[in-house]
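What follows is one structure encoded as structure tokens, with my remarks underneath.
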Amino acid sequence: MSDYNFAYLDEQTKRMIRRAILKGVAVPGYQVPFASREMPMPYGWGTGGVQVTAACLTPGDTLKVIDQGADDTTNAVSIRKFFQRTAGVAVTESTAAATIIQTRHRIPETPLTEGQILVYQVPIPEPLRFLEPRETETRRMHALEDYGLMHVKLYEDIARNGAIATSYAYPVKVEGRYVMDPSPIPKFDNPKLSGSRALQVFGAGREQRIYAVPPYTDVVSLDFEDHPFEASKAPHACDLCGDDASYLDEVITDDSGGRMFVCSDTDHCAGRQAAGHRGRLSPQEDAA
Amino acid sequence: MTGQPLLRVEGITRTYGGRIGCTDVSFDLWPGEVMGIVGESGSGKSTLLGCLAGHLPPDEGRVIFDTRAEGPRDVMRMSEPERRMLGRTDWAFVHQNPRDGLRMGVSAGGNVGERLMAVGARHYGRIRDEALDWLTRVEIAADRIDDRPRQFSGGMQQRLQIARNLVTGPRLVFMDEPTGGLDVSVQARLLDLLRGLVRSMGLSAVIVTHDLAVVRLLADRLMVMKGGRVVEQGLTDQVLDDPQHAYTQLLVSSVLQV
């Protein structure tokens, strides 16, 4: 028995957040303001995501938390523990077994299914923020669908780097209407946003915004006709499970240039290793 | 010169609380015509220009613009998206301070291309070609296309601002002291450029300035404002050579002769 209300937040707060989520689902890609609460963790650690998760959790849910694809990093472990303690829900590291997945900066490799909810932690929800500092003006630009500026950013990318160098937080247009910041996921994950079977909810705690992409919603990455969008990743295969189609982290292994590439999605990688896949640096099994 | 005036201004009044910004200003602007508005600081020139360009809502009066698609429309009663669309296709606004009209963190090419992208251009190569063409037209070297306006001189910034505004081929340009803050030789070059562009593109323009030399060179007609009111208007040469109103006489005689 915990001394906290189920999932930490009080019922009125959860109700308020659920209303924001419902509005977000009704207007895909629109940033709904909500009265973000002070959470027992610093801003930037996922206060928005935690509030959305708290509002979505039911006692029967199974929760998975990932940070940059990994289940075992500080952020993921603490948030998972937080909900174990305050909500007493079941937790898992398996993407397929989870009903709610809170994520920071990745979409799991395993395709999501109907009935799952993917909750994103968002630092800066406004895709136009670094182009137009005034909030009043960016809101008006969203209202009027005045998105020429977004392409100015991409133009600058090409002018300076010869290609669209934006590799994460790559702007998308949702259902032909709102331009949205998909949170800092790598652009490799952008195609997975579109037509997803799971509900995707984005929570920005400090900025007090919630937005959502309902299942089977069309999400298009912005680009130029002669510089089309490209979902890029490191041109390697995972050194542990040998997968050449998953998103990779580069790990420096010594100070003489040694490095390895591993799947950023630890659940995906572990699953493949369990199924017998091996990569370049997998421990050699002795048959002896 | 048949049919409609391009811009018809009727009884524009704008007050700031009890103070008059400008009051009861009316005029017609015909296609290809350049109208100069002169007056001392605080005479309501910029307020008037702001009202005309839709930046400030006037308290009274109408601004009727002869739109391409639908003929004369009251700009004040247009919806915001329509007005914004107008503001980046048929209209242009050149600010006194280039920092107000440019995006200082975006390269010259991006600045020129912004209007194109805002009206739906999505082909990088073509946007860039257009930007290059316009930089050449305003005498900015092509190899500066990826430099930011911060690295430009004041005169270049102002020319860049002009290129950025004219790239969509507007029919009406509002200019607020386009030569303010530039030294005389740079001013002369800029005026030369402006005059060339206005003539070759058949632009109509409303130019607000306190510099009589600017209107002498550019404007066909002249309006003199004082205390928010128009005190005299007529052909530029007529007003400057034979001023009738006491204030105009003072203004004309105040110009230093070198």
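Looking at chain A, what % of its DSSP beta bridges pair antiparallel, to the nearest 5? So the antiparallel bridges in chain A amount to around 55 percent.
Can you work out the FRET efficiency for the pair A:GLU225 and B:GLN249, with r the C-beta to C-beta distance and R0 = 60 Å, to the nearest 0.05?
On the way: r = 60 Å, r/R0 = 0.99.
For A:GLU225 and B:GLN249, the calculated efficiency is 0.50.
Over the protein assembly as shown, the ratio between the Cα radius of gyration and 2.2 N^0.38 Å evaluates to 1.24. Using only the alpha-carbon atoms, how far is helix B:108-118 inclined from the longest principal axis of chain B? Give it as 0 to 90 degrees, nearest 10. The helix B:108-118 is inclined about 80 degrees to chain B. Expressed to the nearest 5 percent, the antiparallel share of DSSP beta bridges inside segment B:102-258 is 55 percent. Here the contact order of chain B, divided by its residue count and restricted to Cα pairs under 8 Å and six or more residues apart, works out to 26 percent. Expressed to the nearest 5 percent, the antiparallel share of DSSP beta bridges inside the protein assembly as shown is 55 percent.
Against the compact-protein benchmark of 2.2 N^0.38 Å, the Cα-based radius of gyration of segment B:98-169 scales to 0.96.
For chain B, evaluate the Debye formula with one uniform point scatterer on each Cα (no solvent term) and list log10 I(q)/I(0) at q = 0.10, 0.13, 0.15 Å⁻¹, rounded to two decimals. Log10 I(q)/I(0), no solvent term: -0.49, -0.84, -1.11. Note on chain B: with a GNM built from Cα contacts shorter than 10 Å, the maximum mean-square fluctuation among B:LEU135, B:LEU240, B:LEU160 falls on B:LEU240. Scaling the Cα radius of gyration of segment B:44-118 by the globular reference 2.2 N^0.38 Å produces a ratio of 1.23. Summary of the geometry: segment A:188-263 and segment B:162-210, compared by the centres of their Cα atoms, lie 47 Å apart.
Could you work out the equivalent-ellipsoid semi-axes for chain A, taking the square root of 5 times each eigenvalue of the Cα gyration tensor, largest first, in whole Å? Present the calculation step by step, with values, prior to reporting the outcome.
Working: eigenvalues 185, 154, 50 Å².
Semi-axes (√(5λ), whole Å): 30, 28, 16.
When the protein assembly as shown is described by a simple charge dipole with +1 on each Lys and Arg Cβ and -1 on each Asp and Glu Cβ, the residue from A:ILE107, B:MET225, A:ILE185 located farthest towards its positive end is B:MET225. Placing unit charges on the Cβ atoms of the charged side chains and taking the dipole of chain A about its Cα centre, the candidate lying farthest along the positive direction among A:LEU128, A:THR73, A:TYR155 is A:LEU128.
Note that segment B:208-219 has calculated 3J(HN,Hα) couplings of 9, 7, 10, 9, 5, 5, 4, 5, 4, 7, 9, 8 Hz, one per residue in order, obtained from phi through the Karplus relation 6.51 cos²θ - 1.76 cosθ + 1.60 (θ = phi - 60°); glycine and proline are x. In segment B:214-258, Cα pairs under 8 Å separated by at least six residues give a relative contact order of 28 percent.
Summing Cβ point charges (Lys, Arg +1; Asp, Glu -1) relative to the Cα centre of the protein assembly as shown gives a dipole of roughly 960 debye.
Across chain A, the relative contact order, built from alpha-carbon pairs under 8 Å that are at least six residues apart, equals 20 percent.
Once you average over the residues of A:157-165, how many Cβ atoms of partner chains fall within 10 Å of each Cβ?
Working: counts 2, 6, 12, 3, 0, 0, 0, 1, 0.
Going residue by residue through A:157-165 and averaging, the value is 3.
Remark: mean inter-chain Cβ contacts per residue of B:108-114 equal 4, using a 10 Å Cβ-Cβ cutoff to other protein chain atoms.
Cross-link partners of A:LYS14 among aspartates and glutamates, defined as those whose alpha carbon lies under 18 angstrom from its own and excluding same-chain residues fewer than eight positions apart: A:ASP3, A:GLU38, A:ASP61, A:GLU207.
Laboratory data are not the source of any read-out in this text; all were calculated from the coordinates shown. Since this is a predicted model, take the numbers as computed values, not measurements. Every residue, glycine as well, gets a Cβ built from its backbone with ideal geometry; the counts of neighbours run over all protein chains shown.
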